[in-house]
Amino acid sequence: MRYQISGKQIDIGEALQTHVQTELGEVVGKYAQRPTDANVVFSRSAHEYVCETTVHLSTGLTAQAKAHATEIYAAFEGCCDKMETQLRRYKRRLKDHHKDRAEPVELFGASSYILASDESEAAVEPDSLQPMIVAEMETKIPSLSVGEAVMQMELAGAPVLVFRNENKDGLNVVYRREDGNIGWIDP
């Protein structure tokens with residue numbers, strides 16, 4: 001497994017990098033047969049350290065975890081515990097999907113935009129109905145079954161996931177409803 005361990009405006013020492021590789025490798029190896037790579041980012045938020053971990057699995061799914069603590073090792077341990085909980089919870093389903101899927105998840109390119117909010121201009125009438133684009137990025141849309149899409153959304157901790165339904169050729173959306181259930185939009 002490839003590791004990318006970095007810090008945002010903080011120095012990450014060799015001891016922490018070695019600790020992250022051994023601990024995360026042990027946790028991920030226990031629940032996922034063939035992880036491909038892991039991205040661990042440490043940063044500061046006021047007086048706390050923040051650890052964000054993303055692990056890409058060979059099935060094409062992505063598991064993410066984030067934790068805060070006053071010490072950097074404690075932040076990583078909390079993040080590692082969350083990752084272990086997610087992978088343990090989905091171990092059976094990960095293995096089942098891995099057996100059914102002979103090839104990795106196919107990804108399609110798409111554009112992603114961040115639009116400016118209208119909070120500052122609430123009292124002023126806008127000149128046009130076109131929103132102001134703050135950022136434009138390239139994103140990937142996976143080709144998944146509905147069950148895999150729900151699992152990917154829960155593993156990533158995302159409120160919504162847009163995916164291409166591999167049983168049909170259209171774009172679909174799964175999202176977490178306010179009542180705790182999962183919604184599925186199939187146009």
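The values are calculated or read from the model by the stated rules, or taken from the named source; none is laboratory data. Keep in mind that what you see is a predicted model, and the values were worked out from it rather than measured. All Cβ positions, even for glycine, are placed from backbone atoms using ideal geometry, and neighbour counts span all protein chains on display.
Here are the numbers for this structure:
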{"item": "Filtered residues of the range 130-139 (kept if touching a Gly at 6+ places or on another chain (Cβ under 8 Å) and surrounded by fewer than 12 Cβ atoms within 10 Å (Cβ to Cβ))", "result": "Glu138"}
{"item": "Leading residue by the ranking (modelled with the lowest pLDDT) among those in the range 53-78 that are under 10 Å from the mean Cα position of the chain (by Cα) and surrounded by 20 or more Cβ atoms within 10 Å (Cβ to Cβ)", "result": "Leu61"}
{"item": "Any hit, the range 32-39, residues being part of a helix (DSSP H, G or I) and either at pLDDT 90 or above or within 20 Å of Leu155 (Cα to Cα) (or both)", "result": "no"}
